[in-house]
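The values are calculated or read from the model by the stated rules, or taken from the named source; none is laboratory data. Computed from a predicted structure; not experimentally measured. Please note: Cβ atoms are built from the backbone with ideal geometry, for glycine as well, and neighbour counts cover all protein chains shown.
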């Protein structure tokens, strides 16, 4: 197999696996702050119990996220040496900022978060929880800035020629606030909020169906449902604005998203479909001229299509980009539907009577993760054949010395190790879920107190 394909597969596999965990960490951080904040306000010990329980799961996701992220930095040097040289000044600045500002903030408060429950005051511990959340969100800022610069380069000039060429920053803030960074950062943040919220919804829906920890699970479910509902609706607005940015800055990618080939013509918007690249047709369910209206609020305004670009400058896997993009959108709409339906039953006082809905939430934990992955795949594959849009082709970014056999061997090795890590994560997560939110003996004490109150009332 071609070394370029193998190198791209290896990086796609490692980053897809890594990207399971940082969104969970950010999303769980939001819920941890909510639980602990409610405990400080109400002094209800159940909120403290929830904060302690989800902090343990946060620690698990954070640890594996850090471990799996390190590998990618080595891949830049081994497989993508020309790319690393070209973007080194840009990425070096962004990653240094992550280490100095974000990771230092997060790791500085992490020890207090994990081990300070009985050693610092509740207010200090709450501040540390907020610090860890902000640190994880700030870390995402610099990663997204670096990746967004690849999509829409800004604030740079090129130094050198040929293999010695590299991008050098001339305006740091123009690099940070490049044309796509803010939209993409908000999109990533809200996707992370959904991933964390739906994990909490899934676990506590499971408890409710099993009749375990019912009262505390009702509280947790309602709080997570508020976060999930607001986030899913926000994602619709942010996603639309992001698509408008793609149309302006990467029109070939937007055309691939919708399978639009005509150089300049009104464009349909497909609900679902299949792209035949050879005949340049899409078969499926569509809204006629819908893409034109979505982008320009006018059904008759033309949209730039793939044929406006030389074939070597547009995505080669148009159908794959189309499918990933539409799967992401479909999941997003499903999340909106689920959360609004649950809110409606909540308003009617029947939320926890709907066992079928709780069962759906148990399994829906995978949906935000899939949406995050599909969106990432669509964005990265839609940028091809450029690794830095308009500046450096993916085929030119490879290391010149690495061989296909070397990349294949490391890909197999990473697949084996990451499979073990995933199994370990799922085993440990399941063990914590089965144990439940209460510490050893705490639930027995609460049950005895409840029985005493019932006897006194009786």
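With the structure loaded, tell me whether residue 35 is in contact with a helix residue (DSSP H, G or I) (Cβ under 6 Å, 6 or more places away or on another chain), part of a helix (DSSP H, G or I) and closer than 21 Å to residue 142 by Cβ or whether it fails that test. Answer is no for this residue.
Okay, residues lined up against (1) more than 24 Å from the chain's Cα centre (by Cα); (2) free of Cβ contacts under 8 Å to residues at least 12 places away in the same chain:
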{"position": "310", "(1), (2)": "yes, yes"}
{"position": "314", "(1), (2)": "yes, no"}
{"position": "324", "(1), (2)": "no, no"}
{"position": "330", "(1), (2)": "no, no"}
{"position": "344", "(1), (2)": "yes, yes"}
{"position": "368", "(1), (2)": "no, no"}
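Total residues in the range 277-305 satisfying the condition of being in contact with a strand residue (DSSP E or B) (Cβ under 7 Å, 6 or more places away or on another chain), assigned to a strand (DSSP E or B) and either under 17 Å from residue 326 (Cα atoms) or in contact (Cβ under 8 Å) with a residue 60 or more places away in the chain (or both): the figure is 6.
Residue 128 - would you say it is modelled with pLDDT of 85 or more, assigned to a helix (DSSP H, G or I), at negative phi and in contact with a helix residue (DSSP H, G or I) (Cβ under 7 Å, 6 or more places away or on another chain)? When the stated conditions are applied, residue 128 passes them. Selection of first residues in the range 31-56 that are under 15 Å from residue 123 (Cβ atoms) and of second residues that are outside any helix (DSSP H, G or I) and modelled with pLDDT of 95 or more, restricted to Cβ pairs under 7 Å at least 6 apart or on distinct chains, gives an empty result. Can you pull out every residue in the range 175-192 that is in contact with a helix residue (DSSP H, G or I) (Cβ under 7 Å, 6 or more places away or on another chain), part of a helix (DSSP H, G or I) and farther than 15 Å from residue 21 by Cβ? Passing the criteria: 175, 176, 181, 183, 184, 185, 186, 187, 189, 190. Of all residues in the range 78-103, those satisfying the criterion of being in contact (Cβ under 8 Å) with a residue 24 or more places away in the chain, over 22 Å from the mean Cα position of the chain (by Cα) and either assigned to a helix (DSSP H, G or I) or surrounded by fewer than 18 Cβ atoms within 10 Å (Cβ to Cβ) (or both) are 78, 79, 81, 82, 83, 85, 86, 87, 88, 89, 90, 93. Against the conditions (1) in contact with a strand residue (DSSP E or B) (Cβ under 8 Å, 6 or more places away or on another chain); (2) at positive phi; (3) surrounded by 19 or more Cβ atoms within 10 Å (Cβ to Cβ), where does residue 155 fall short? Just the number, please. Every condition holds for residue 155 apart from (3). Taken together, 199, 186, 194 contain a single residue that is more than 27 Å from residue 353 (Cβ to Cβ) and under 17 Å from the mean Cα position of the chain (by Cα), which is 186.
Among the conditions (1) surrounded by fewer than 16 Cβ atoms within 10 Å (Cβ to Cβ); (2) under 21 Å from residue 239 (Cα atoms), the only one that residue 349 does not satisfy is (2).
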